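*Asks:* Here's a structure for you.
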Amino acid sequence: MDLTELRQAILSNNFHQIADICDDLELQLAAQGIKDPEGWPYSIHLLGHIYIQDMNNARFLWRRMSSSVKESQPEVIAIWKIGQCMWTHDYAGVHGALCGFNWSLEVQQIITALSENYRKKVFELLVAAYSTISVADTAQFLGTTETDAITYTLQRGWTLDNELQMLTVKGNPVVVDQKLDSSRLQNLTEYVFHLEH
């Protein structure tokens, strides 16, 4: 079992490639009749799917894992907890699961990147969903302390009402595409003509 490509992806921080690399290796081994190979990086494989938020394949991988793997590798169970929380949109649970285990060095660097990406994604959801939000709720969504949530959001242009402990969201500017190509205009014309006749 040659894990060189996987190790190179991890060393070069190309974490988005991990799931595909592991899936391909798993298929090659299965074609040779090898199931549950000794030394298989189950933690990395599962985390690869979670990193790209491919929760369906993460679930299928979890189901394929033998009970002996799940019982003997607590890191796999801890990674699965992250996936479960993502699946149910338990934002605080995701952050708790990310911080709630003493990760191996190889896994830790992926966890760190996942944590940063997840916080950015949740922040973008907050920008899209709220015009104002409490400091406490923001901290819970971002998985930080209230002080860190204030710092994080103020650095991104939000404003704070100290008395009410409410943050005013600075939204992303809405970009309206004013270009209308001739084929779209033709389709619209035909549609309106059809409605009128």
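The values are calculated or read from the model by the stated rules, or taken from the named source; none is laboratory data. Just so you know, these numbers come straight off a predicted model, no measurement behind them. Here the Cβ positions follow ideal geometry from the backbone for every residue, glycine too, while neighbour counts run over all protein chains shown.
*Asks:* Of the residues A58, A92, A136, only one is touching a Gly at 6+ places or on another chain (Cβ under 7 Å), exposed (fewer than 15 other Cβ atoms within 10 Å of the Cβ) and either free of Cβ contacts under 8 Å to residues at least 40 places away in the same chain or not assigned by TED's automatic domain parsing to the domain that holds N162 (or both); which?
*Replies:* A92
*Asks:* Evaluate the following for E75: is it touching a residue at least 60 places away in the same chain (Cβ under 8 Å), surrounded by fewer than 19 Cβ atoms within 10 Å (Cβ to Cβ) and not assigned by TED's automatic domain parsing to the domain that holds T145?
*Replies:* no
*Asks:* Right, something else. Mind checking which helices (runs of 4 or more DSSP H) fall wholly inside segment 1-89 and carry at least 3 residues that are closer than 25 Å to R119 by Cα?
*Replies:* 4-11, 18-31, 42-51, 55-64, 74-87
*Asks:* So, in segment 34-55, exactly how many residues are surrounded by fewer than 17 Cβ atoms within 10 Å (Cβ to Cβ), more than 13 Å from M86 (Cβ to Cβ) and among the hydrophobic types (A, V, I, L, M, F, W, C)?
*Replies:* Selection size over segment 34-55: 1.
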